[in-house]
1. What are the residue pairs meeting all of these: first residue in the stretch B:200-228, first residue touching a residue at least 60 places away in the same chain (Cβ under 8 Å), second residue part of a loop (DSSP other than H, G, I, E, B) and among the charged types (D, E, K, R), Cβ atoms under 7 Å, and 6 or more apart or on different chains?
2. Would you mind listing the helices (runs of 4 or more DSSP H) fully within the stretch C:194-262 where at least 1 residues are in contact with a Pro (Cβ under 6 Å, 6 or more places away or on another chain) and under 21 Å from C:K303 (Cβ atoms)?
3. Among the residues of the stretch A:53-88, which ones are over 30 Å from A:E294 (Cβ atoms) and surrounded by 13 or more Cβ atoms within 10 Å (Cβ to Cβ)?
4. Would you check which residues across the stretch C:65-95 are at the interface with chain B (Cβ under 9 Å from one of its Cβ atoms), within 24 Å of the chain's Cα centre (by Cα) and not in a helix (DSSP H, G or I) and list them?
5. Please enumerate the residues belonging to the stretch A:35-52 that are surrounded by 15 or more Cβ atoms within 10 Å (Cβ to Cβ), free of Cβ contacts under 8 Å to residues at least 12 places away in the same chain and more than 22 Å from B:V214 (Cβ to Cβ).
6. Sort through A:A277, A:A310, A:A306 and tell me the only one that's outside any loop (DSSP other than H, G, I, E, B), facing chain B (nearest Cβ under 9 Å) and either closer than 25 Å to A:L165 by Cα or under 21 Å from the mean Cα position of the chain (by Cα) (or both).
7. Go through the stretch C:326-368 and report how many residues are among the basic types (K, R) and either over 17 Å from C:H305 (Cβ atoms) or in contact with a Phe, Trp or Tyr (Cβ under 8 Å, 6 or more places away or on another chain) (or both).
8. Check B:E268 against each of (1) in contact (Cβ under 8 Å) with a residue 12 or more places away in the chain; (2) within 14 Å of chain C (Cβ to nearest Cβ) and name the one condition it does not meet.
Amino acid sequence: MTTRGIPAFTRRVTDQAETLVKKVGGGSLRESLRRRGRAVRTLGRGFVISLPYAWLLAFFLVPFIIVLKIALSEADIAQPPYTPLWEWVEGQYLNIKINLGNFAFLIQDSLYLNAYLNSVKVALISTVICLIIGYPMAYGIARARPAKRTILLMLVILPFWTSFLIRVYAWIGILKNNGLINNLLMWLGVIDSPIVMLQTDFAVYLGIVYSYLPFMILPLYANLEKLDETLLEAAYDLGCRPATAFIRVTLPLSMPGIIAGSMLVFIPAVGEFVIPALLGAPDTLMIGRILWDEFFGNRDWPVASAVAIALLLLLVIPIVFFQHTQARSGEAES
Amino acid sequence: MKRRSLFLFSAMVFGFAFLYIPIVSLIVYSFNKSKLVTVWAGFSTQWYGALLENDQILQAAWISLRIATLNATVAVALGTIAGFVLARFRRFRGRTLFTGMVTAPLVMPEVITGLSLLLLFVAMEAAIGWPSGRGFTTITIAHITFSMAYVAVIVQSRLSDMDESIEEAALDLGARPLKIFFLITLPIIAPALVAGWLLAFTLSLDDLVIASFVSGPGSSTLPMVIFSKVRLGVSPEINALATILVGLVAIGTVIAGIVMARKQKTRERDMQLAAADK
Amino acid sequence: MPSFTSFSTFEPWKDPGQTPYVRLERVTKKFGDFVAVNDVSLDIYRQELFCLLGASGCGKSTLLRMLAGFEEPTSGRILIDGMDMADTPPYERPVNMMFQSYALFPHMTVTQNVAFGLKQEKLSRSDIRSRVKEMLELVKLDRFAERKPHQLSGGQRQRVALARSLIKRPKLLLLDEPLAALDKKLREHTQFELMNIQEQLGVTFIVVTHDQQEAMTLATRIGVMDEGYIAQVGTPTEIYEFPASRFVADFIGSVNIFEGSITEDEPDHVTIRMRDQEADIYVDHGVNAPPDARVWAAVRPEKIHITRNRPEQSANVIEGTVKEVAYMGDFSIYLVGLEGDRTIRVTQPNLRRGDPERITWDEHVFLHWLPSSIVVLTE
């Protein structure tokens, strides 16, 4: 009997038993069979839930606990390069060493604080710029005729599917001293010597806005597309001018899209690494890059872990807010 | 009204230009004879040839493709279950935690996920001996973990849109829940699964940060190779690679668009047919 | 099983020897704090076409879903064919349901949709094929057997849904607003088709609807529901002519209700003094009410006569002025204003073609009715 056959077999037995019992008229036996059926169904449900649950617990949640554990240990010339959190001494003493030094280090060294603040600042400004550029685009696509709309959507999605890394790389070629912009401007005679655009904060902003723009446009579009145009018509009919109608009708109704898009840009942008690494200056302080350097450069795993924990704590509020709004919009739809 | 559409129109033109100028520049410069990439020296396809002879890039591409395929397939399986659970199982113990774990990877900065998974693998190796050394397996596990979140969100959204009474009707007609999932639900949400697979594939192929953390010697992925090259400056072979990738994505998108448009046409024709005869 | 030829002989609820096929015992369903179904007890008999009638949100759909097995009652029992249905999932119940949205499987053809239920019973291929063919001919869809749902019109989809739910020959069929999505002409036609099919197959139907006319046409008995409880159960005639409460009287059709108190209480007649008008109502039967109780006298618009001259009777007469006239073709509606802002609704059939003497706006008229036309309500 294969494992697949067992539930079928059990079911057949239960069914036959139930028919028999019905004929005989035994009430309590039927009831216990029904209760068993219910237990089997609950068990089945539990098994289904447990598959992704177990994976996520093991490979998403537990790692965070380990990061915390290592953030509380000390760097060591060892393999792996950190001291253990606890160890048995003389066979009976459990020595637990919690090192808060890494976190203290973070707080004391202004480098880290500045990096966090700078990262948040950069992410925030980039999010706003993405919103300013992305909202009209999303609105325009949502208002377009169906045939054009599909094409426009495809045009937005195409960069999204193209490699992120490669698109950031493209900006190197455009922004560098003998890159596209400088060559063009010098050829036109507008400038004599190249403008330094690469390895600047400007380049980082540009890179982040560029890479995350589709993440802002798509949720906004999804929201605006569902917007009932007759609401606007009613507003106009009641004497509302287009600008006011936009502010008082469209904007509030598109708020879920704005929030979703903003979260999808802001939260990952805070911890962004690739863009500051490729487009930013060596002293552009972004926390993602600091973490990478601590880990790969200094081989200081405990400090890198502490940086990660601090970053996580910083982002926990926006993350929970994002999940809350997602859940609420999901409920509203159902 | 006219003024509004002019504003919108120019905003869209600017926006799309902004999106596409870098991509177009990549393509144009891939045909530049000069090694300096951005200083035009004449038309040439030599870099494509050089690309095909670059073993390092080709090997990395092969590894990335294999990881991406495996990742997409497993992520679709797990993600569909997760999405189904979120959409259909209203209440169960630990649902809040589950929802949190499924949606968090969508926004979590990659450096955090990368670091945490690496530390996990190191600890696991110390404790139980597996995974022994990092490479293909660890990268795939890491990718599955975040890909699954995307698939789950797509599937959950599709299932919420679906008329639940179809599944109820099947229950009413005598089919059990497991059978219904495979006979009824899955065929209906199939397009969402395809979209999820493609998304997981692309995300995996494109991932740099997480792969950097959890890979090992001899298992450099394509993004890792690209990154190490471009860190030092522009490289014409990368332009050639980029053009090929963009070309593939463009072809794929166009085909998808045509297929969907055609399906829409047949559907509309069918509905007109139905309305015609009573 | 008694076969019947006319409705007048089909009254199993009056037969003490009959056991109900469906019995709801004090069924309550709560969603959090909201009580959707409130302590409902109901008996439904074999081969009835029972209609649950009520406005949106009154709990009728929840009740239906509990019968089908998609919700479990918070308290109370549901028995079908004598068996307690607690903990029994829908696929184990001898019940089938037709959904309001039809819920056809979009990726399957009509044949596959209809055959689905039989496939779960593990019948042989040839058996399934012949029964599907039979059913499709019954609902006149044999021409469309290979089409998919999106290639069908609304009426055709409804027939597929019906065929799919009937093919398993259930003893009990639940229908959730089956005609709501159809246009008027189609609805009337389908109403009669449904009744024919039900009689032919001898299945017990429980239909949920918000449409009074539908309930009155289809039902052997109607259960009027309001905010989770059953206001009255009875045949269409009973519900219409003998409503048990003001709610039921007002819910079905139109009614004029006069508040008053009993001045004469005899076993064979009752006189009620109207509170707002200077007039008396004389009822030709006794009423079960405590003395000096507040009662309501209900009279249907079609039972009121409207004349220019004062009639001879002394009770059951009021005077007023015609405020509105609406000509509906087969009958006319008169809204007559009484003293003190009260308006009475009267309907009269248009018996004479182009009647030159018909009553018109602003005329002073007398309204009167027979003593037997009054229903006295105590709640």
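Only the coordinates and a few stated rules stand behind these numbers; no lab work does. Everything numeric here is computed off the predicted structure, so don't read it as measured data. With ideal geometry, Cβ positions are generated from the backbone for all residues, glycine too; neighbour counts draw on all protein chains shown.
1. Listed by first residue and then by second, the contacts come to B:V214/B:R134; B:S215/B:R134; B:G216/B:R134; B:P223/B:D207.
2. Numbers: elements: C:212-218, C:236-241, C:246-251.
Answer list for the stretch C:194-262: C:212-218, C:246-251.
3. A:Y53
4. First pass over the stretch C:65-95, keeping only residues at the interface with chain B (Cβ under 9 Å from one of its Cβ atoms): C:65, C:68-70, C:89-93, C:95.
Add one more test, that the residue is within 24 Å of the chain's Cα centre (by Cα), and what stays is C:65, C:68-70, C:95.
Those that are at the interface with chain B (Cβ under 9 Å from one of its Cβ atoms), within 24 Å of the chain's Cα centre (by Cα) and not in a helix (DSSP H, G or I): C:G69, C:F70, C:V95.
5. Keep residues of the stretch A:35-52 that are surrounded by 15 or more Cβ atoms within 10 Å (Cβ to Cβ), which gives A:37, A:45, A:48-49, A:52.
If we keep only those that are free of Cβ contacts under 8 Å to residues at least 12 places away in the same chain as well, we get A:45, A:48-49, A:52.
Within the stretch A:35-52, A:R45, A:V48, A:I49 qualify.
6. On the way: A:A310 fails: facing chain B (nearest Cβ under 9 Å); A:A306 fails: facing chain B (nearest Cβ under 9 Å).
Selected residue: A:A277, the only one of A:A277, A:A310, A:A306 that is outside any loop (DSSP other than H, G, I, E, B), facing chain B (nearest Cβ under 9 Å) and either closer than 25 Å to A:L165 by Cα or under 21 Å from the mean Cα position of the chain (by Cα) (or both).
7. Taking the stretch C:326-368 as the starting set, the residues that turn out to be among the basic types (K, R) are C:342, C:345, C:352-353, C:358.
When the remaining residues are screened for being either over 17 Å from C:H305 (Cβ atoms) or in contact with a Phe, Trp or Tyr (Cβ under 8 Å, 6 or more places away or on another chain) (or both), the result is C:342, C:345, C:353.
Of the residues in the stretch C:326-368, 3 are among the basic types (K, R) and either over 17 Å from C:H305 (Cβ atoms) or in contact with a Phe, Trp or Tyr (Cβ under 8 Å, 6 or more places away or on another chain) (or both).
8. Failed condition: (1).
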